[in-house]
1. Could you check region 183-214 and list, in sequence order, the residues that are of a type in the set (A, V, I, L, M) and either open to solvent by 30 Å² or more (accessible area, probe 1.4 Å) or outside any helix (DSSP H, G or I) (or both)?
2. Within region 262-275, work out how many residues are touching a residue at least 40 places away in the same chain (Cβ under 8 Å) and within 20 Å of the chain's Cα centre (by Cα).
3. In this structure, is Glu52 within 20 Å of the chain's Cα centre (by Cα), surrounded by fewer than 13 Cβ atoms within 10 Å (Cβ to Cβ), at pLDDT below 95 and farther than 21 Å from Asp117 by Cα?
4. Show me the helices (runs of 4 or more DSSP H) entirely contained within region 76-115 in which 1 or more residues are open to solvent by less than 50 Å² (accessible area, probe 1.4 Å), touching a strand residue (DSSP E or B) at 6+ places or on another chain (Cβ under 7 Å) and closer than 14 Å to Glu127 by Cα.
5. State yes or no: is Ile217 in a strand (DSSP E or B), hydrophobic (A, V, I, L, M, F, W, C) and either closer than 16 Å to Val273 by Cα or touching a residue at least 12 places away in the same chain (Cβ under 8 Å) (or both)?
6. Tell me, which residue of region 222-232 that is touching a residue at least 12 places away in the same chain (Cβ under 8 Å) and touching a helix residue (DSSP H, G or I) at 6+ places or on another chain (Cβ under 7 Å) is farthest from Ile265 (Cα to Cα)?
7. Among the residues of region 28-46, which ones are open to solvent by less than 80 Å² (accessible area, probe 1.4 Å), more than 16 Å from Ile87 (Cα to Cα) and not hydrophobic (A, V, I, L, M, F, W, C)?
8. Just a yes or no: is a residue in region 122-145 in contact (Cβ under 8 Å) with a residue 12 or more places away in the chain, part of a helix (DSSP H, G or I) and under 24 Å from Thr270 (Cβ atoms)?
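The values are calculated or read from the model by the stated rules, or taken from the named source; none is laboratory data. Bear in mind the structure is a predicted one, so any value in this text is a computation, not a measurement. No Cβ is skipped: glycine too gets one built from the backbone with ideal geometry, and neighbour counts run over all protein chains shown. To get the accessible areas, we keep the full protein, side chains included, count just its heavy atoms, and leave off ligands, DNA and RNA. Shrake-Rupley method; radii C 1.70, N 1.55, O 1.52, S 1.80 Å.
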Amino acid sequence: MRVLVTGITGFAGSHMAEFLLGQPGVEIFGIYRRRSRLEHIEGLADKTYMIEPGVASIQTLQKAFQPGKINIIDCDLNDTFSVHKLIGAVRPDRIFHLAAQSHVPTSWNSPYATLQDNIMGQLNLFEAIREAGIDPLIQIAGSSEEYGLVYPDEVPMKESNPLRPLSPYAVSKVTQEMLAYQYYRSYGMKNIVSRGFNHSGPRRGENFVDSSFARQIALIEKGLQEPVIYVGDLSSKRDFTDVRDMVRAYWLLLEKCKPGEVYNIGSGSTRAVQESLDILLEMSTVKVEVRVDPTRLRPSDVLILWADASKFQEATGWKPTIPYRQTLQDMLDYWRARV
């Protein structure tokens, strides 16, 4: 079985690659852009083969593949020619579409790039699949941010909840989901959408809330930052799942769920961001002050994200196994090793 992971050098993508290494009979392929940071796959160096940009044709690209390696191929999803060449060469049986501009505050600063990367990149992927005449199972990574404005009587959130997106990122994810449905209905493309709620753990980007706290604590412990943690809104509530549980869920999504459907994936519990900070402060070896930074506040924020994941759990039997405290401990230790 050939499996393609878009965004393999990213947070979820790198954990997906590690998970796939444990699945028998799987040939792993990944997409990266030449400006991508590669530190997330440093630990897989002996198992990866980086295919340099500039491969001229489908045939020469196929000849470059290394058996038994994670073949990581330079390809910008916004470049139609490159995407068609990649899909024509790999001809995957399954695709985990994880590549995206995934940071909500960045989407406020760069709305055009967010919509371009997330929507047009997926469109290019779909059209390349059609041209290649293949019929893979495809996971589309949606987001709980699609729910946006949620009223008190609408939690926990079911897949049937209204979508009221509150950021350019959320709008891009709603559009990706609608595009996946349209291609399923129009062309029979086997797209399955996961609306993943917050997932965290080692390698989480420093711009995301609990990872930002962990990184700042690690810097303070090393004497590289004054003993002050800068925060945004601590009252927002989030449903956190460990990324290692999340990628296992993505695999089960393609194993057991129905094309054309949408599935929430989350822990089924919610906690204020303040609680994440409090747990990390308990784990710290130093005493710090907490200070609100106005630049970390969003123009409009989602007040609560809380998953009703019963549809997915009934289809797959999946349940998260890693406690949130362990997620935070592993993430803090990750930053302690890197700063």
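1. Met189, Ile192, Val193, Val209
2. 9
3. no
4. By residue number, 80-90.
5. Spelling it out, it is not the case that Ile217 is in a strand (DSSP E or B), hydrophobic (A, V, I, L, M, F, W, C) and either closer than 16 Å to Val273 by Cα or touching a residue at least 12 places away in the same chain (Cβ under 8 Å) (or both).
6. Of everything passing the filter in region 222-232, Pro227 is farthest from Ile265 (Cα to Cα).
7. Hits for region 28-46 are Ser36, Glu39, His40, Gly43.
8. yes
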